[in-house]
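S.K.: This is the structure I have questions about; it appears just below.
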Amino acid sequence: TMTPATSPGVAVAVDEVTVARARHRDGQALEALYRSFATPVYTLARRICGSVPAAEDVLQETFLEVMRSIHTFRGEGSLAGWIRRVAASKALMRLRSERARGDHEPLDEVLPFVAVGGDEARTDAHAHAVGARVDLETALAGLAPISRAVVWLHEVEGYTHEEIAVLLGKTPSFSKSQLARAYARLRAALAQQAGRQSCT
């Protein structure tokens with residue numbers, strides 16, 4: 001039997017025997033898990049952290065934690081989801097550490113906010129429309145670190161605002177406001193981009 005392990009653009013299949021062997025710290029099985037999940041973990045870390053060195057560190061930290069804690073995985077939920085949560089937690093810890101050193105903006109930074117209305121479905125629809133028209137790499141690079149993390153976790157990894165709140169140690173309202181502010185910034189960038197194009 002194969003256990004699906006999915007991530008954006010990556011579909012991985014891990015057989016249950018490998019998972020069972022990994023839980024007993026079998027070296028070959030752990031190496032197989034690394035080969036299966038390294039790409040999606042690195043992608044998640046790169047999008048949240050914003051730099052290659054930080055993403056590489058998070059990748060290493062994630063799999064050290066997987067090796068230490070895999071014996072605690074009892075099969076509730078998917079292995080992919082468990083590894084993804086470890087990676088997201090490590091990436092967000094990295095952001096908090098950088099913030100404490102003064103390398104990034106404060107977690108509660110105030111971004112220019114453009115009201116998007118109270119209808120959450122309309123907000124989500126608008127968010128997807130914006131996402132379809134903006135290059136992902138450029139758009140994410142222009143966001144503050146925590147806003148970028150919330151966008152990636154919510155829109156790509158599929159986390160709920162409640163799950164993001166737990167990871168951030170904040171409230172669901174904080175996650176929702178960060179997402180709304182991020183899309184407000186994307187709208188402003190789109191308007192600026194459209195203005196430049198109309199002048200050429």
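S.K.: Going by accessible area, probe 1.4 Å, with all protein chains left in place, what is the ranking of H24, H161, H154, largest first? Please report the intermediate quantities before stating the final value.
M.R.: Working: H24 155, H161 15, H154 40 Å².
Largest accessible area first, the residues go H24, H154, H161.
S.K.: Heavy-atom accessible area of V151 with all protein chains present, probe 1.4 Å, nearest 10 Å²?
M.R.: The accessible area comes out at roughly 10 Å².
S.K.: Going by the alpha-carbon gyration tensor, a ≥ b ≥ c the square roots of its eigenvalues, is the stretch 35-93 rounded (a/c under 1.5) or, if a/c is not under 1.5, prolate (a/b greater than b/c) versus oblate?
M.R.: Because a/c hits 1.5 or more and a/b exceeds b/c, the stretch 35-93 counts as prolate.
S.K.: Also: Roll a 1.4 Å probe over the protein heavy atoms and report the accessible area of W82 in Å², nearest 10.
M.R.: Spelled out: W82, probe radius 1.4 Å, area about 40 Å².
S.K.: Would you tell me the accessible area of K170, worked out with a 1.4 angstrom probe on the heavy atoms of the protein chains, in Å² to the nearest 10?
M.R.: 70
The values are calculated or read from the model by the stated rules, or taken from the named source; none is laboratory data. What you are looking at is a predicted structure, and each value in this text was computed from that prediction instead of being measured. The area values use the complete protein model at the heavy-atom level, side chains included, leaving out ligands, DNA and RNA. Shrake-Rupley method; radii C 1.70, N 1.55, O 1.52, S 1.80 Å.
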